[in-house]
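Below: one structure, written as structure tokens.
The values are calculated or read from the model by the stated rules, or taken from the named source; none is laboratory data. Since the model is a prediction, treat every value here as computed from it, not as a measurement. Because the Cβ atoms are built from the backbone with ideal geometry, glycine has one as well, and the counts that use them run over all protein chains shown. Accessible surface areas use protein heavy atoms only, side chains included; no ligands, DNA or RNA. Shrake-Rupley method; radii C 1.70, N 1.55, O 1.52, S 1.80 Å.
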Amino acid sequence: MKLIPRQLFLGLALAAAFCAPASQALATIYYVDAASGNDSNNGTTTATPWQTLTKINATTFGAGDQILLKRGATWNGQLYPKGSGTSAAWITLGAYGTGNAPVINGGSLASGAAVYLKDQSYWVIQNLEVTNDSGTDNSGTATTGGVARYGILVEATAARNGIKIQYNYVHHVNGSFNNSQMDPHINGGISVHSIGSSGKFNGVTILDNTVDHCGRVGIVLWHEKYYNVWMTTIDRTKMSTGLLVQGNVVSNSDGDGILVFGYVGSVIEYNVSKGAGLKSIPGFNMNASAGIWPTRSADTIMQFNESSGCRTNEIDGQGFDVDLLCDNTLVQYNYSHNNEGGFLLLMGGYNSNVTVRYNLSINDGPQKGIFTLSWGTPTGLKIYNNTIYIGSGIGAVRPIYTDGDASTNNYEFTNNIVYNLGSGEWELPTVNGVKYGTFDYNLFYGNHPASEPADAHKLTSNPQFVSPGTSGDGYNATLGYQLQSTSPAINAGTAIANNGGLDFWGNTVYPASAPNRGAHNGYATNAGYTDFCVDFSKVTSRTSNTAVDTGNPAYFSGDSARFKRTSTAAGNFVYNVTGCKRFNAAIYKFSNSDLAKVKFYSSPNGTTWTLVSTSYTSPVLTQNGWYSTAFTPTADLPTGTVYLKVEFTDTAYAYSPQLGQISITLN
């Protein structure tokens with residue numbers, strides 16, 4: 001959805017992919033032409049190309065080599081080149097000439113992949129059209145599996161590095177929906193598979209591919225040995241690393257759109273899943289599907305994705321899912337619409353530390369709930385500043401639905417807008433009659449069933465969306481859910497530490513001021529801060545010698561902590577003051593002398609700083625040697641100021657000056 005960051009990132013990715021390092025100068029480019037080539041040729045010019053996959057498959061390629069297939073040509077069978085590149089000189093499998101992408105058609109294969117690599121490193125696979133449809137029903141039955149089929153498959157039985165699969169069109173792969181030899185989720189359009197206890201990948205990029213009509217999964221990254229001893233505990237040291245799944249469009253999947261299994265530190269962003277879960281087998285116990293989801297993973301970021309049209313086949317059917325054994329997962333800036341199972345499935349049990357923020361859900365969930373809490377809730381679950389629209393006539397949609405046993409893990413549901421024209425109930429996790437969940441500062445508009453949760457700061461007025469009820473694919477369809485300037489949701493939320501800094505549409509969310517409710521922070525103002533110096537939750541950065549001291553709290557005018565320095569070097573800490581022209585900084589300082597040792601600097605970027613000329617009021621003694629004073633600038637801050645740095649220093653003493661409660665009012 002955020003087009004400018006996406007374009008910038010893509011530009012960097014293209015530069016990295018196509019700017020060959022100097023060591024590639026000695027590499028060889030091989031050309032292959034299915035119509036006019038000859039395997040007896042040397043293959044090193046467009047006038048002397050090879051012809052067949054057999055020739056390519058029999059060759060071991062070296063660092064920096066390129067295998068280029070002629071556009072407009074078709075090859076039948078399996079493409080399986082050998083060899084590995086290096087980190088400085090990758091091997092590239094791609095295309096040359098003009099016209100349509102070269103086609104690799106694996107339909108004649110009994111099983112397996114049309115394009116295949118095994119135990120190889122530093123490969124780029126790009127600009128190919130790949131299909132692998134045997135023409136027969138390969139789904140399997142409830143008791144008997146079909147055979148595994150893939151478009152592009154990369155496997156590793158040992159540690160391997162560097163795989164880029166980008167700009168390909170992979171379509172019509174009739175992988176098995178039930179497979180007797182393996183987990184069927186592993187086969188599909190594009191699959192990267194780490195096998196056994198030693199298989200592992202570092203540095204995988206799946207970029208800007210189009211995947212259509214593939215089964216079982218459109219794009220799957222599957223790492224088997226994500227654990228050390230127990231399969232119920234992930235081990236970051238055992239998992240594959242360095243995964244980027246970006247800019248892919250996956251449509252009409254038999255099962256899942258995009259699945260990441262067993263990775264640490266993955267980024268899944270700017271992808272589209274459209275129409276997942278299109279197949280099921282009567283009586284089969286694994287018909288569940290979701291649009292985009294991680295499982296058995298850690299430190300995953302899932303952002304700027306769109307998922308729609310996922311079907312519920314008895315279970316699941318959500319646009320997004322944080323499934324079993326996920327720790328530290330961030331779900332933000334995603335657009336979910338018209339998914340039968342709802343916006344987001346959140347598995348309990350072994351899941352922990354999930355944050356769900358600034359997402360937009362439109363007309364999801366007639367079969368399950370907008371949020372489905374399955375078999376309990378993750379520990380440390382926070383759901384805040386999301387916008388949910390439930391239109392009329394789509395069924396009894398439940399804003400929260402509990403599926404399976406509940407647990408006693410609490411969760412936070414804060415600053416959200418639920419625009420509810422449906423008739424569904426809130427089905428909260430309940431244990432021994434106690435309903436779980438902490439609800440605060442939400443806006444619930446429309447229908448209010450008796451099960452709607454209590455909220456001490458609830459709003460029930462119309463949030464005044466620009467155009468509620470609009471829906472469809474793409475970024476433009478989301479604009480109707482921005483707030484109008486007169487919305488009661490503006491500046492009506494509660495500040496949340498480490499809030500990400502931006503809303504769904506890229507507006508600033510100020511760190512300590514009251515934000516809007518919902519996913520749109522437009523029209524919100526940055527009122528300022530009161531920092532009690534008990535931690536660094538309100539600062540954006542600080543020097544390493546700036547510390548919190550909680551000793552002798554009676555000395556701080558009733559506050560419990562102060563900022564001090566641990567060395568004689570200058571200490572500083574930085575606040576976000578976006579939109580500020582003037583400020584008033586009320587500060588408690590130990591001693592009324594040398595107030596010039598407290599300085600302020602402004603910056604547009606956090607790198608370049610300008611000293612702010614200030615004046616201050618006469619210090620007023622509070623108690624125990626602490627004084628209060630207020631600093632104000634003598635002129636407007638430079639246009640475009642984003643950050644304000646507070647510096648305190650004394651080259652003679654580490655313990656002076658010391659600063660207590662800081663209140664910054666912005667104008």
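Modelled label-to-label distance, Ser560 and Asp405, 7 Å Cα→beta-carbon offset: nm?
So the two model labels end up 3.7 nm from each other.
Would you grab the residues whose amide H sits under 5 Å from the one on Ser451? Only those 5+ places off in sequence or on another chain, please, with H modelled 1.01 Å from N.
Trp426
Charges only on Cβ, +1 for Lys and Arg, -1 for Asp and Glu: so what's the dipole of the stretch 51-161 about the Cα centre, in debye to the nearest 20?
240 debye
Out of the total accessible area of the stretch 405-449 (probe 1.4 Å, heavy atoms of protein only), what percent is carbon and sulfur?
In the stretch 405-449, the share of accessible area belonging to carbon and sulfur is 42 percent.
Of the accessible area of the stretch 472-533, with the probe set at 1.4 angstrom, what percent is carbon plus sulfur? Write down the numbers at each step before the final one.
Values: 1040 of 2160 Å².
Reported share for carbon and sulfur atoms: 48 percent.
Report ³J(HN,Hα) in whole Hz for each residue of the stretch 296-301, in order, from the Karplus equation J = 6.51 cos²θ - 1.76 cosθ + 1.60 where θ = phi - 60°; Gly and Pro get x.
Working through the residues one at a time gives 6, 9, 9, 6, 8, 10 Hz.
Once you sort the root eigenvalues of the Cα gyration tensor of the stretch 128-240 as a ≥ b ≥ c, which label holds: rounded (a/c under 1.5), prolate (a/b larger than b/c) or oblate (the other case)?
In terms of gyration-tensor shape, oblate.
Through the Karplus equation 6.51 cos²θ - 1.76 cosθ + 1.60, θ set to phi - 60°, convert the phi angles of the stretch 496-511 into ³J(HN,Hα) values in whole Hz; use x for Gly and Pro.
Taking θ as phi minus 60°, the curve returns 10, 5, 6, 7, x, x, 9, 8, 4, 9, x, 6, 5, 10, 6, x Hz for the stretch 496-511.
Quick one: net charge of Thr387's neighbours, Cβ under 14 Å, K/R +1, D/E -1?
Result for the neighbourhood of Thr387: 0.
Under a 5 Å amide H to amide H cut-off, with H placed in plane at 1.01 Å, what residues pair with Thr59 once short-range neighbours are removed?
Distant-sequence amide H within range of Thr59: Lys82.
Which whole-number percent gives the relative contact order of the stretch 320-427, counting Cα pairs below 8 Å spaced six or more residues apart?
Contact order relative to length: 25 percent.
So what does log10 I(q)/I(0) come out to for the stretch 519-607 at q = 0.25 Å⁻¹, using the Debye formula with one equal point on every Cα and no solvent?
Reported log10 I(q)/I(0), two decimals: -1.62.
For the chain, I need the span (max minus min coordinate) of the C-alpha atoms along each principal axis, in Å, sorted largest to smallest.
92, 64, 49
Keeping all protein chains in place, calculate the accessible area per residue for the stretch 345-401 (probe 1.4 angstrom), answer in Å².
The answer is 24 Å² per residue.
Describe numerically, in nm with one decimal, the distance between label points set 7 Å from Cα along Cα→Cβ at Ser567 and at Thr98.
Result for the modelled spin labels: 6.4 nm.
How much net charge surrounds Leu666 when only other residues with a Cβ under 12 Å from its Cβ are counted (Lys, Arg +1; Asp, Glu -1)?
+2
Give me the percent relative contact order of the chain, please, defined on Cα pairs under 8 angstrom at least 6 residues apart.
6 percent.
From the Cα gyration tensor of the stretch 128-167, with a ≥ b ≥ c the square roots of its eigenvalues, which class applies: rounded if a/c is under 1.5, or else prolate if a/b is larger than b/c, or else oblate?
oblate
Specify the angular offset, from 0 to 90 degrees and rounded to the nearest 10, of the alpha carbon long axis of helix 3-18 from the longest principal axis of the alpha carbons in the chain.
50 degrees
Below 12 angstrom from the Cβ of Pro294, what's the summed charge of the other residues (Lys, Arg +1; Asp, Glu -1)?
For residues surrounding Pro294, the net value is -4.
Could you give each residue of the stretch 526-540 its phi-based ³J(HN,Hα) in whole Hz, using Karplus coefficients 6.51, -1.76, 1.60 with θ = phi - 60°, and x for Gly or Pro?
9, 6, x, 9, 10, 10, 7, 6, 8, 7, 10, 5, 9, 8, 8
Amide H to amide H under 5 Å from Lys200: which residues, 5+ apart in sequence or cross-chain, H placed 1.01 Å off N in plane?
Ala158, Ala159, Arg160, Ile195
Would the stretch 315-454 count as rounded, prolate or oblate if I go by the C-alpha gyration tensor, calling it rounded below 1.5 in a/c and otherwise prolate when a/b exceeds b/c, oblate otherwise?
Cα axes put the stretch 315-454 in the rounded bin.
To the nearest 0.05, how large is the calculated FRET efficiency for Thr143 and Glu314 if R₀ is 25 Å and r is the Cβ-Cβ distance? Can you show the working numbers first?
Values: r = 17 Å, r/R0 = 0.68.
Once the sixth-power term is evaluated, E becomes 0.90.
Could you give the dipole magnitude of the chain about its Cα centre, charging the beta-carbon of Lys and Arg +1 and that of Asp and Glu -1, in debye to the nearest 20?
In debye, rounded to 20, the chain gives about 1380.
Using just the helices of the chain, give the 222 nm mean residue ellipticity in deg cm²/dmol: DSSP H runs with n ≥ 4 each add -39,500 (n - 2.57), and the total is spread over all residues, rounded to 500.
Computed mean residue ellipticity for the chain: -1000 deg cm²/dmol.
If each residue of separation counts as 0.36 nm, what is the full-extension length gain between Ala527 and Tyr616 once their alpha-carbon separation is subtracted?
Fully extending the segment from Ala527 to Tyr616 adds 30.0 nm.
Which whole-number value in Å² is the accessible area per residue of the stretch 115-256, probe 1.4 Å?
Counting only protein heavy atoms, the per-residue value for the stretch 115-256 is 31 Å².
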